[in-house]
Amino acid sequence: MKVAAAVAEILKREGVAFLIGYPVNPVIEAAAELDIRTIIVRQERTGLHMADAVSRVSSGQRIGVFAMQHGPGTENAFGGVAQAYGDSVPIVVIPAGYPRRLTNIPPNFNAFLNFQHVTKWVEQVVVADAVPDAMRRAFTQVKNGRPRPVMIEIPSDVMREDIPEPLSYRPAPRARSGPDPRAVDDVARLLVEAKRPVIYAGQGVHYAQAWDALRALAELLEAPVTTSLEGKSAFPETHALSLGSGGRSMPRAVHDFLANADVIFGIGCSFSTTNYGITMPTGKVFVHATLDAADLNKDVPVDHVLVGDAGLTLEALREAVRDRLGGKPRGLASGVAQEIKASKTGWLEQWMPKLTSDARPLSPYRVIWDLLHTVDVANTIITHDAGSPRDQLSPFWECQTPLSYIGWGKTTQLGYGLGLAMGAKLAHPEKLCINVWGDAAIGFTGMDFETAARERIPILSVLLNNSSMAIELPIMKVATAKYRSTDISGHYADMARAFGGHGERVTEPGEIIPALKRAIRQTQEGKPALVEFITAQEIEFSVFR
């Protein structure tokens, strides 16, 4: 058995249903021979983003895999792997490598050396019979502990060598660990005694599939819940105790409740400092529950720590809190819910003029508001892009079901959202999968809309075209005045049609919903759709300092 065939067989045994890649890598052909669907992209970064989404929307139970050519393919892939590393996403990356006699000779790009700082585990396999062991280690790492990318680089001459048969390989196991019971009891006491606790949930809740446990603890404590962008949809945002999610922009309730909290309980989060997340207030008692002890006291000084799987942690806390409360809540929920509702209502009233605006060019907020009220939210997976689309979408999109929003923000590569929507659609073909992006983002990855058409991945792409990098206008005034440095544009609906998809341009407010409905019908018939909305250069966001 050739090494490439062995790798494909291992992927098959690990339950990999499709391999995303760009040639030349012998594993792609070997995978096709085993009926693993191969999906070829137009650039490596988008393919990695697709693999990223496959893992995210399955809570890491299905692992996205990407394979690429040695040299330029591996070089081009760096950004996609770095994004997955920054946002803690478990993917398996299989680059071909230069032949062994050249792999360490400059200027040849060596993945093993160059990807060490953006992977959890990276190996270069230099003898054929070591491949099964290397793949076992990679899948064990990607399935356990903190989720992050792993990489196995296989030189091209090794790919062509034989390994003994029969192939000895069993799928890697999964293991979970829980927090110290004494620490759980201390935290339970603190949460019960707190006057204004707030729960801050990160994407660790998604990976642990701990949505029910989070809700049960929140209802028992009668505590308001907010999430990070990555954790968005871990708690139903239509729930009376939901504050909404926090990023660079957020609902007023998120800011106000955190500012007035006495205890902030972070679960399944890193508390990492980022321009695109919540800046935690000072002077609070912080409880940090995380899978990775490396996060503790990294950015936010904490008072209590729980290290372990978010699901096991929440279940243990729920029992400890229930014991202290005598098995039932204290009747505080109504008052907390009324305070949340009053804050949300007042905040939304302030934004309604933009959310329902009839202005031309269109308000991007009107587009988002009409989109929210057109789709079946519970059966939709949506993601933003970097910049304005993120800050305009995330505060107002109310998630109802887990894993229905792919949020990100530890690093913010323009064009990330297209691949995420495509990967989500591969993993959940029964759902409407949407990416909301701007005319800056489409310039980075827009060619891969052709991939969606060619590979029969019927996503809905909502493009906000304001002919400008509007978010940069306040900081590039001279460059804009002298050289029009923030001006960008195109006719992207025409591009979508040229690529074989559905494309429509919308300029009138009354046409937003009809155009969206036409596009959704196209996706239901198997064709990707791009609706291009000509929008104003909006630079007002729901930001609190």
For this session: Could you list all residues from segment 516-531 that are surrounded by 15 or more Cβ atoms within 10 Å (Cβ to Cβ) and part of a helix (DSSP H, G or I)?
Result: LEU516, ALA519, ILE520, GLN522, THR523
For this session: Give VAL158, VAL142 a once-over and let me know the one that is buried (at least 21 other Cβ atoms within 10 Å of the Cβ) and under 18 Å from VAL16 (Cβ atoms).
Result: VAL142
For this session: Output the qualifying pairs, or none if there are none: Cβ atoms under 7 angstrom, residues six or more apart or on different chains, first residue in segment 204-230 and on the phi > 0 side of the Ramachandran plot, second residue basic (Lys, Arg) and at pLDDT 95 or above.
Result: none
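Looking only at helices (runs of 4 or more DSSP H) that fall completely inside segment 394-490, which ones have 2 or more residues that are at pLDDT below 95 and out of contact with any Phe, Trp or Tyr (no Cβ under 7 Å at 6 or more places or on another chain)? Step through it out loud before you land on a result.
Values: elements: 416-427, 442-445, 449-454, 477-483.
Result: 477-483.
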Exercise. Which residues, taken from segment 82-131, are of a type in the set (S, T, N, Q) and either closer than 18 Å to GLY47 by Cβ or outside the structural domain of GLY64 (by TED's automatic domain parsing) (or both)?
Worked result: GLN83, THR119
Problem set entry | Long-range neighbours under 7 Å by Cβ, at least six apart or interchain, first residue assigned to a helix (DSSP H, G or I) within segment 99-127, second not polar (S, T, N, Q) | ALA111/PRO95; ALA111/GLY97; ALA111/MET151; ALA111/GLU153; PHE112/VAL122; PHE112/GLU123; PHE112/GLU153
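For segment 501-510, enumerate the residues that are surrounded by 15 or more Cβ atoms within 10 Å (Cβ to Cβ) and not in a helix (DSSP H, G or I). Break it down into steps so the answer makes sense when it comes.
Within segment 501-510, the first condition is being surrounded by 15 or more Cβ atoms within 10 Å (Cβ to Cβ), and the residues that meet it are 501-506, 509.
GLY501, HIS502, GLY503, GLU504, ARG505, VAL506, listed by residue number.
Scan segment 179-196 and give yes if some residue there is within 30 Å of ASN108 (Cα to Cα) and assigned to a helix (DSSP H, G or I), otherwise no. Spell out the reasoning first.
Within segment 179-196, the subset within 30 Å of ASN108 (Cα to Cα) is none.
So far as segment 179-196 goes, no, none of its residues is within 30 Å of ASN108 (Cα to Cα) and assigned to a helix (DSSP H, G or I).
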Exercise. Does segment 454-496 hold any residues that are surrounded by 14 or more Cβ atoms within 10 Å (Cβ to Cβ) and among the basic types (Lys, Arg), and which are they?
Worked result: ARG454
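State which residue is surrounded by the fewest Cβ atoms within 10 Å (Cβ to Cβ) when the search covers only segment 62-89 and only residues that are part of a loop (DSSP other than H, G, I, E, B) and in contact (Cβ under 8 Å) with a residue 60 or more places away in the chain.
That would be ARG62.
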Exercise. Restricting the first residue to segment 427-451 and requiring it to be in contact (Cβ under 8 Å) with a residue 12 or more places away in the chain and more than 18 Å from GLU44 (Cβ to Cβ), which pairs with a second residue that is charged (D, E, K, R) and in a helix (DSSP H, G or I) meet a Cβ separation below 9 Å and a spacing of at least six or different chains?
Worked result: ALA427/ARG56; LYS431/LYS425; LEU432/LYS425; CYS433/LYS425; VAL436/ARG390; ALA440/GLU472
Exercise. Name the strands (runs of 3 or more DSSP E) wholly within segment 220-270 that hold at least 2 residues that are modelled with pLDDT of 95 or more and under 23 Å from HIS304 (Cα atoms)?
Worked result: 225-227, 263-267
For this session: Can you run down the residue pairs with Cβ atoms below 6 Å, 6 or more apart or on separate chains, where the first is in segment 302-315 and of a type in the set (Asp, Glu) and the partner is buried (at least 19 other Cβ atoms within 10 Å of the Cβ)?
Result: ASP303/PHE286; ASP309/ALA208; GLU315/ALA213
Exercise. In segment 239-259, is there at least one residue being under 19 Å from LEU317 (Cα atoms) and buried (at least 24 other Cβ atoms within 10 Å of the Cβ)?
Worked result: no
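Would you call ARG360 modelled with pLDDT of 95 or more, of a type in the set (D, E, K, R) and under 13 Å from the mean Cα position of the chain (by Cα)? Steps first, please.
Working: modelled with pLDDT of 95 or more: yes; of a type in the set (D, E, K, R): yes; under 13 Å from the mean Cα position of the chain (by Cα): no.
Against the criterion (modelled with pLDDT of 95 or more, of a type in the set (D, E, K, R) and under 13 Å from the mean Cα position of the chain (by Cα)), ARG360 does not qualify.
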Exercise. Which one of these does THR486 not meet: (1) touching a helix residue (DSSP H, G or I) at 6+ places or on another chain (Cβ under 6 Å); (2) among the hydroxyl-bearing types (Ser, Thr, Tyr); (3) over 21 Å from LEU362 (Cβ atoms)?
Worked result: (3)
Exercise. Out of all the residues in segment 275-287, is one or more in contact (Cβ under 8 Å) with a residue 24 or more places away in the chain, farther than 25 Å from TYR85 by Cβ and in contact with a Ser or Thr (Cβ under 9 Å, 6 or more places away or on another chain)?
Worked result: no
Exercise. Taking segment 165-197, which residues are under 18 Å from LYS12 (Cα atoms) and touching a residue at least 12 places away in the same chain (Cβ under 8 Å)?
Worked result: GLU165, LEU167, SER168, TYR169, ARG170, PRO171, ALA172, PRO173, ARG174
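Go through ILE513, ILE534 for me and flag whichever is part of a strand (DSSP E or B), modelled with pLDDT of 95 or more, of a type outside the set (Lys, Arg) and more than 26 Å from the chain's Cα centre (by Cα).
Result of the check over ILE513, ILE534: ILE534.
For segment 317-360, which positions are of a type in the set (Lys, Arg), touching a strand residue (DSSP E or B) at 6+ places or on another chain (Cβ under 9 Å) and assigned to a helix (DSSP H, G or I)? Explain how you work it out, then say what you get.
Of the residues in segment 317-360, the ones of a type in the set (Lys, Arg) are 318, 322, 324, 328, 330, 341, 344, 354, 360.
Then keep just the ones that are touching a strand residue (DSSP E or B) at 6+ places or on another chain (Cβ under 9 Å); that gives 344, 360.
Residue satisfying the conditions is LYS344 alone.
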Exercise. Which residues, counting only those in segment 378-393, are touching a residue at least 60 places away in the same chain (Cβ under 8 Å), assigned to a helix (DSSP H, G or I) and touching a helix residue (DSSP H, G or I) at 6+ places or on another chain (Cβ under 6 Å)?
Worked result: SER388, GLN392
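If you take the residues of segment 193-213 that are of a type in the set (A, V, I, L, M) and touching a strand residue (DSSP E or B) at 6+ places or on another chain (Cβ under 6 Å), which of them is surrounded by the fewest Cβ atoms within 10 Å (Cβ to Cβ)?
Filtering segment 193-213 for residues of a type in the set (A, V, I, L, M) gives 194, 198-199, 201, 205, 208, 210, 213.
Narrowing the set further to residues that are touching a strand residue (DSSP E or B) at 6+ places or on another chain (Cβ under 6 Å) leaves 194, 198-199, 201.
Details: ALA194: 18, VAL198: 22, ILE199: 26, ALA201: 30.
The residue in question is ALA194.
The values are calculated or read from the model by the stated rules, or taken from the named source; none is laboratory data. Only a predicted model underlies this, so the values are computations on that prediction, with no experimental measurement involved. Methodologically, a virtual Cβ is constructed for each residue, glycine included, from the backbone with ideal geometry; neighbour enumeration extends over all protein chains shown.
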